[in-house]
Amino acid sequence: MEKTAIPTVVYAELTPNPATMKFVANRLLVPDGVNLEFLTKQQARPYSPLADDLFNFPFVKSVFITSNFITITKTDAIGWEMINLQLREYIRDFLQSNEKAVTAIPEKTAPAAGEEKTSTASVSTEPVEPSQYDEEIRKYLDEYVRPAVESDGGAIEFKSFKDGVVTLVLKGACSGCPSSTITLKQGIQTMLTTMMPDVIKEVVAEEG
């Protein structure tokens, strides 16, 4: 008996990062609040058959999955006009034939006090000392930053706060984006230093 196709719509969106393209589906691919970034085929294989397959394309450099979209970062060897349609149709066909794009979620290192448990395929194992301000910083990031960043095909995660400095992790379209430094300093840093003027002095970032 032939398997019934799952009705699926996928469309592509440009992002501020010229090396990335966002492919949006009409259904959730992972639970809300979870984001996964795969930098190699081997990294993807235990968790996402779709990401594993996408690395078969020689121009795919990384795959980021969150909410209802996938952000693909390509190499400089080819332009999006040559591969956009091919990738969109491949993702759509996969989702029509498979209920899940992600079959397992990797465990994250133990969250700090007050932190919601999210997951990623590339998590730093360096211990992070929690602070009394972590929960408040996360609240502002979730409320004011996360929606805009996700609309651009990326994610910015809170990593730590120490000596007035907030460290964030850039993923998806934000990673390696030429405009991310401007967004970080003029947008996120300005917002957080305004909200918590006696606490936060600077915001820095590292790529996931």
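The values are calculated or read from the model by the stated rules, or taken from the named source; none is laboratory data. This one's a predicted model, so the numbers in the text were calculated from it and none came from an experiment. Counting neighbours? That spans all protein chains shown, and the Cβs are built from the backbone with ideal geometry, glycine included. Quick note on the areas: whole protein, heavy atoms, side chains included, nothing else; ligands and nucleic acids left out. Shrake-Rupley method; radii C 1.70, N 1.55, O 1.52, S 1.80 Å.
Scan segment 53-77 for residues that are open to solvent by 50 Å² or more (accessible area, probe 1.4 Å) and in a loop (DSSP other than H, G, I, E, B) and jot them down.
N56, P58, D76, A77
Condition first: β-branched (V, I, T) and either at pLDDT below 95 or closer than 16 Å to A104 by Cα (or both). Now tell me which residues in segment 50-69 satisfy that.
Within segment 50-69, V63, I65, T66 qualify.
Looking at (1) within 30 Å of D134 (Cβ to Cβ); (2) at pLDDT 90 or above; (3) of a type in the set (D, E, K, R), can you tell me which one K108 breaks?
That leaves (2) as the condition not met.
The conditions are (1) open to solvent by less than 20 Å² (accessible area, probe 1.4 Å); (2) closer than 24 Å to V169 by Cα, and T40 fails exactly one of them. Which is it?
For T40, the failing item is (1).
Got a sec? Which of P16, P49, P7 is surrounded by 14 or more Cβ atoms within 10 Å (Cβ to Cβ) and farther than 22 Å from D152 by Cα?
Residue meeting the stated conditions: P49.
Of everything in segment 119-149, what is closer than 26 Å to P46 by Cα, surrounded by fewer than 18 Cβ atoms within 10 Å (Cβ to Cβ) and either modelled with pLDDT of 90 or more or of a type outside the set (D, E, K, R) (or both)? Give them in sequence order.
S122, V123, S124, T125, P127 - these are the residues of segment 119-149 that are closer than 26 Å to P46 by Cα, surrounded by fewer than 18 Cβ atoms within 10 Å (Cβ to Cβ) and either modelled with pLDDT of 90 or more or of a type outside the set (D, E, K, R) (or both).
Please determine, by comparing only the residues of segment 67-90 that are of a type in the set (V, I, T) and in contact with a helix residue (DSSP H, G or I) (Cβ under 7 Å, 6 or more places away or on another chain), which one is farthest from V10 (Cα to Cα).
Checked segment 67-90; the qualifying residue farthest from V10 (Cα to Cα) is I72.
Would you please name the residue that is modelled with the lowest pLDDT, looking only at residues in segment 153-208 that are open to solvent by 70 Å² or more (accessible area, probe 1.4 Å) and part of a loop (DSSP other than H, G, I, E, B)?
For segment 153-208, the residue satisfying everything is P178.
Given the condition within 22 Å of E157 (Cβ to Cβ) and touching a helix residue (DSSP H, G or I) at 6+ places or on another chain (Cβ under 6 Å), answer yes or no: does some residue in segment 95-110 qualify?
yes
Can you find even one residue in segment 80-91 that is open to solvent by less than 60 Å² (accessible area, probe 1.4 Å) and touching a Pro at 6+ places or on another chain (Cβ under 9 Å)?
Looking through segment 80-91, at least one residue is open to solvent by less than 60 Å² (accessible area, probe 1.4 Å) and touching a Pro at 6+ places or on another chain (Cβ under 9 Å).
Given the criteria surrounded by 18 or more Cβ atoms within 10 Å (Cβ to Cβ) and small (G, A, S), does A101 qualify?
So A101 passes the test.
Residue-wise test of (1) touching a residue at least 24 places away in the same chain (Cβ under 8 Å); (2) under 18 Å from A19 (Cβ atoms).
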site	(1), (2)
E37	yes, yes
I78	no, yes
S97	yes, no
A104	yes, no
